[in-house]
Amino acid sequence: MLITYNSCETEIPAIDQKRISDWVSRVVVNNGGEIGEVNYYFCSDDYLLEMNREHLNHDYYTDIITFDYTVANIISGDLFISVDTVRDNAEEYKCEYLDELHRVIIHGILHLLGIDDKTDEDQAIMTQKEDESLALLSKII
C-alpha cells in the first residue's frame, strides 16, 4: 500500500495524512478492493484546467481529475484535486472546506472502484457512497 500526497502550484492542505490514508484504505477494502499505489496531487485551478484540456479535451474547471491505473481489484491511480475549486464549492454548498475536500478525496477513490457519476442515477449512487464513506471517516481517530 502506498498513498502519497503531493503539490502542484499550491500547498498541500492541512489534512491528517495518516488518518486519510487509513480511511481511504478502509473504503477500498469495504468495497471489495485492495489498495495499490494512490497518488494525490493538490493543485491550482489553472493547473487542473490545463490538465483537463490536455488529457480530456475538456475546457472547464473541475474539482478532481482521476487517472485510473487499477488492475483487477488492486486500486491504483493519480488523483489531481484543485484546492481552489474545492474552496469555491465549499462556499457554494455552505459547508466547511475540509468537509468538501474529504468528499472530493473519496470521490476519486470511488471512481477507481468503478463507481460512475455521468447519469442522474449514477450520481445518486455516488453521493450515497460518498456519504457512507464520510460517515466512516468520522469514526477513524
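The values are calculated or read from the model by the stated rules, or taken from the named source; none is laboratory data. Please read all numbers here as calculations on a predicted model, not as lab measurements. Here Cβ is always computed from backbone atoms with ideal geometry, including for glycine, and neighbour counts include all displayed protein chains.
Quick notes on this one:
- Reported count of residues in the stretch 79-106, each being of a type in the set (Asp, Glu) and closer than 16 Å to Leu49 by Cα, is 2.
- Of all the numbered requirements in (1) at pLDDT 95 or above; (2) surrounded by 14 or more Cβ atoms within 10 Å (Cβ to Cβ), Gly32 misses one, and that requirement is (2).
- Filter result for Val27 (crowded, with 16+ Cβ neighbours inside 10 Å and in a helix (DSSP H, G or I)): yes
- Taking first residues from the stretch 97-124 that are assigned to a helix (DSSP H, G or I) and partners that are of a type in the set (Gly, Ala, Ser) and buried (at least 16 other Cβ atoms within 10 Å of the Cβ), the Cβ contacts under 6 Å between residues at least 6 apart in sequence or on separate chains come to Tyr97/Ala90; Glu100/Ala90; Ile106/Ser133; Leu112/Gly77.
- The residues listed here are Ile65, Ile81, Ile75; of these, the one that is in contact with a helix residue (DSSP H, G or I) (Cβ under 8 Å, 6 or more places away or on another chain), assigned to a strand (DSSP E or B) and free of Cβ contacts under 8 Å to residues at least 24 places away in the same chain is Ile65.
- Subset of the stretch 50-63 that is surrounded by fewer than 18 Cβ atoms within 10 Å (Cβ to Cβ) and acidic (Asp, Glu) - its residue that is nearest to Asn6 (Cα to Cα): Glu50
- Given (1) modelled with pLDDT of 95 or more; (2) surrounded by fewer than 18 Cβ atoms within 10 Å (Cβ to Cβ), number of the condition Asp116 does not satisfy: (1)
- Qualifying residue in the stretch 41-49 (condition: surrounded by fewer than 18 Cβ atoms within 10 Å (Cβ to Cβ), at pLDDT below 95 and assigned to a loop (DSSP other than H, G, I, E, B)): no
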